[in-house]
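Since every read-out is calculated from the coordinates, none of them should be taken as a lab result. Just so you know, these numbers come straight off a predicted model, no measurement behind them. Here the Cβ positions follow ideal geometry from the backbone for every residue, glycine too, while neighbour counts run over all protein chains shown.
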Amino acid sequence: MLDIHFIRNNLDLCKQAAKHKRRNVDWDRLIALDDQRRMLQREVDRLRAERNTLSTLRTEDARQKGRMIKELIKEKEDRLRFVEEEIRQLLLTVPNIPDASVPIGDDERGNIVIKTWGEPRSFDFQPLDHIELTKRLDLVDFERGAKVGGFRGYFLKNEAALLEFAVLWHAFQKLVAKGYTPIITPSIVKEFTLIGNGQFPWGREEVYHFDKYDQYLAGTAEVPVTAYFADEVLREEDLPKKFVAFSTCFRREAGSYGKETKGLYRLHQFNKIEQVIFSKNDMSTSFELHEELLRNSEEILQDLGLPYRVLLMCTGDMGEPQVKKYDIETWMPGRNTYGETMSNSVMGEFQARRLNIRYRANDGSIRYAHTLNNTAVASPRILIPLLENYQQADGSIVIPEVLRGLVGKAEIKR
């Protein structure tokens, strides 16, 4: 959430940001309501001062006027609360301001490749995609998954089940060794968490909702972990706070039917290791941490020996809460292109304002924290490049050396 005073003082910048992020905001209504709020607040302050003066007088006339002013103050305060809530609802529709380094673009075509690592493998045989590989090696059962769980349901079996645990545990341990606090999160969350992280109001159609309760299924550990310190005041000397979180994630994937619906790429349920950081209110520090998160994910892919590229996301493809965002795409031979496997975002104080996460600075002032998050690894999507890149001509699949001790074998074969 942006501060209303910042919006008033930087209205053109905010309008431009919303335009570039392809979001409509009722700016006229927002400013008019804030004008009304200011007027009401002045009236309330004036009436309180007048009532305080009358309270010093010991006459019946003063007491009667005081009672009348008390009722008038209540009416004004009720109206003020109503206006403030409408302002808050409108502020929730205002996207964050992208950094000057972010390219302007309408969609993925505006993203910029800033780094590549590794060379896509050249096969001396006709490679198979992961759907055919998993079928031949009895690693995934899509048919029974759909029978039991519905569209896009799946069962991971045999070495695929072991491989998922192995890659998740490798990433988890790696980040714990770097000093990140390990945490396992609830997947069932309250609505305020999704408003707080910026998924609501824009992405409600993506979220599973329990109709009878104020509860939802989170699509990433970012949601519960970012809300972990909601309405709390931290200490600057304790920042940054770094978490590595495991969660089971749920996404409706509304609007994606007919697109990437086969196989393990776009699913309703998956497991994920997420990195989340709370930092002090300083963009230079946050950008340094943003690069740290990127390095962590790159190291995981390098451990696995998987070629990848890093994209700087454009305004129209980066999301509403982000100041700056990278995506990592990993080479997937079955698609003959790169596919997204990690997403790395810095939010500034946008989420902290929505969740009221503050810290006491060393100078005694109270400030909003900055938040960042990044996927360390998500499975089973990461299994796509693992299986496809390590397939052999005889139909077997070599397990990356770093995972062999966890899987218990060096190759998958039947």
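Here are some notes:
- A straight Cα-to-Cα reach below 17 Å connects Lys74 with the lysines Lys65, residues fewer than 8 places away in its own chain not being considered.
- The chain: angle of helix 158-177 to the longest principal axis, Cα-based, in degrees nearest 10: 50
- FRET efficiency, 1/(1 + (r/R0)^6) with R0 22 Å, evaluated for Lys409 and Arg136 via beta carbons: 0.80
- Measuring between alpha carbons in the structure, the pairs from Lys325/Lys409; Lys241/Lys324; Lys157/Lys262; Lys15/Lys272; Lys242/Lys325 lying more than 26 angstrom apart are Lys325/Lys409; Lys15/Lys272.
- Residue exposure proxy: His370, His170, His268, His209, ordered by other Cβ atoms within 10 angstrom of their Cβ from fewest to most, comes out as His209, His268, His170, His370.
- Neighbourhood charge, 10 Å Cβ-Cβ cut-off, centred on Phe142 and excluding it, Lys, Arg +1 and Asp, Glu -1: +3
- Sparsely packed loop sites in the range 38-109 (the trypsin sites (Lys or Arg not before Pro) outside DSSP H, G, I, E and B with at most 15 other Cβ atoms within 10 Å) comprise Arg58.
- Crossing angle, helix 60-91 versus the chain [Cα axis fit, 0-90 degrees, rounded to tens]: 20
- Residues Asn362 and Thr53, FRET efficiency given R0 of 41 Å [Cβ-Cβ distance, rounded to 0.05]: 0.50
- Relative to the longest principal axis of the Cα atoms of the chain, helix 27-55 runs at roughly 40 degrees.
- Cα gyration tensor category, rounded, prolate or oblate, for the range 206-309 with a/c compared to 1.5: oblate
- Taking other C-beta atoms within 10 Å as the exposure proxy, Glu159, Glu205, Glu274, Glu298 rank Glu205, Glu298, Glu159, Glu274 from fewest upward.
- Relative contact order of the range 108-412, taken over Cα pairs closer than 8 Å and 6 or more residues apart, is 24 percent.
- Karplus-derived 3J(HN,Hα), 6.51/-1.76/1.60, for each residue of the range 2-16, Hz, glycine and proline x: 8, 5, 4, 5, 4, 4, 4, 7, 9, 4, 5, 4, 5, 5, 5
- Derived scalar couplings between HN and Hα for the range 397-402 equal 10, 7, 8, x, 4, 5 Hz in order, rounded to whole Hz, by the Karplus curve 6.51 cos²θ - 1.76 cosθ + 1.60 (θ = phi - 60°), x for Gly and Pro.
- Here the label points at Arg46 and Thr248, each 7 Å from Cα along the C-beta direction, are separated by 6.0 nm in the simple model.
- The alpha carbon centroids of the range 194-236 and the range 50-86 are separated by 39 Å.
- Across Leu54, Leu294, Leu304, mean-square fluctuation computed from a Gaussian network of the chain (C-alpha pairs under 10 Å connected) peaks at Leu54.
- Length-normalised contact order for the range 4-91 - Cα pairs under 8 Å, 6+ apart - percent: 38
- Across the range 133-204, the mean sequence separation of Cα contacts (distance under 8 Å, 6 or more residues apart), normalised by length, yields a relative contact order of 17 percent.
- 222 nm mean residue ellipticity, helices alone, for the chain (DSSP H n ≥ 4; -39,500 (n - 2.57); rounded to 500): -12500 deg cm²/dmol
- Label-zone membership for the range 70-88, site Arg38, 7 angstrom Cα→C-beta point, backbone N under 17 Å: 80, 83-84, 87-88
- On the basis of the beta-carbon distance and an R0 of 45 Å, Asp303 and Leu11 show a calculated FRET efficiency of 0.45.
- Per residue, the convex hull volume that the Cα atoms of the chain enclose (Å³): 161
- The chymotrypsin sites (Phe, Trp or Tyr not before Pro) found in the range 121-189 that occupy coil by DSSP, while having at most 16 further C-beta atoms within 10 Å, are Phe123, Phe125, Phe151.
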